[in-house]
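Please treat every number below as a calculation from the coordinates, not as lab data. Quick caveat, the model's predicted, so the values are computed rather than measured. All Cβ positions, glycine included, derive from the backbone under ideal geometry; neighbour counts span all protein chains shown.
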Amino acid sequence: MFGSAYFRKFYINTVTRVVTPAEMRVRARLIAAVVAQASIPVRSILDVGCGIGLLRKPFAEVLPRARYKGLEASAYLCERYGWTNGSVIDYVPPRPSDLVVCYDVLQYLDDRDAAKALANLGKLTRAALYVSALTREDWRDNCDRTRTDRAVHLRTGDWYRRRLRRNFRYLGLGVWLRKDVTAILWDMERTPG
């Protein structure tokens, strides 16, 4: 499923791609700003399901001291880009990363595997996590269905949030912080609950 045709269609072809390099630059700056505001140092980044690596260069620009590692289930991409072959479901790193990014991966997993992946994210990160997944609400209200892959498992955003709250506190804009990490968060910067 995740061969060259898939990545050409959804990430390279300018007519059919779902995200642009410019959007990913903005996303990297956003993530870096949120973790900086929470005073979380980032020396290592694990991009889970990194695809063609659209976040690699933007992270190098905004977090120049951080080592970037791509984890990818697609053997095609691992061979082409040199990523580490593995799955968010059961990958065990030599050591956790300061920041883990899981962008548009979880919707490709069934409920059981997605739940395992969410639990594993708590082991993959030492401090911060960025998660984005296509939800039922996004499918209904936000995404361009002509460019979005339909071969996914649509769940509610609350389904993801309930599982993430077991190990993380939500900082906002997709960024989560491990519950055991100390960060100064001003009252108005925190989400309630």
Relative contact order of the chain, defined on C-alpha pairs under 8 angstrom at six or more residues apart (%): 19
Karplus-derived 3J(HN,Hα), 6.51/-1.76/1.60, for each residue of segment 86-100, Hz, glycine and proline x: x, 10, 4, 5, 9, 5, 10, x, x, 8, x, 9, 5, 10, 10
Per-residue [θ]222 nm for the chain (sum of -39500 (n - 2.57) over DSSP H runs n ≥ 4, rounded to 500): -9000 deg cm²/dmol
Amide H partners (placed H, <5 Å) of residue 100, local residues excluded: 46, 128, 129, 130
Overall form of segment 91-130 per C-alpha gyration tensor (a/c, 1.5; a/b vs b/c): prolate
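Once fully extended, how much extra length lies between residue 62 and residue 23, figured as 0.36 nm per residue of separation less the alpha-carbon to alpha-carbon distance? If you can, show how the numbers build up before the last one.
Working: separation 39, 0.36 × 39 = 14.04 nm, distance 1.44 nm.
Here the segment from residue 62 to residue 23 would lengthen by 12.6 nm.
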Share antiparallel - DSSP beta bridges, the chain, percent rounded to 5: 30
Relative packing of 92-100, 60-68, which averages over residues the other C-beta atoms within 10 Å, highest first: 92-100, 60-68
Segments 118-126, 29-37 sorted - mean Cβ within 10 Å per residue, highest first: 118-126, 29-37
Peptides 150-159, 73-82 ordered by average Cβ neighbours within 10 Å, highest first: 73-82, 150-159
Fraction of alpha-carbon pairs over 31 Å apart in the chain - percent: 12
For segment 84-168: rounded, prolate or oblate by the Cα gyration tensor [a/c cutoff 1.5]: prolate
Part-to-part distance (alpha-carbon centres) for segment 127-184 and segment 69-87, which is given in Å: 23
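Only helices at least 20 Å long along their axis, Cα-based, and averaging -1.0 or more on Kyte-Doolittle count here, so list those DSSP H runs from the chain. Kindly include the intermediate steps, with their values, before the conclusion.
Details: long enough: 21-37 (24 Å, 0.57).
Helix filter hits for the chain: 21-37.
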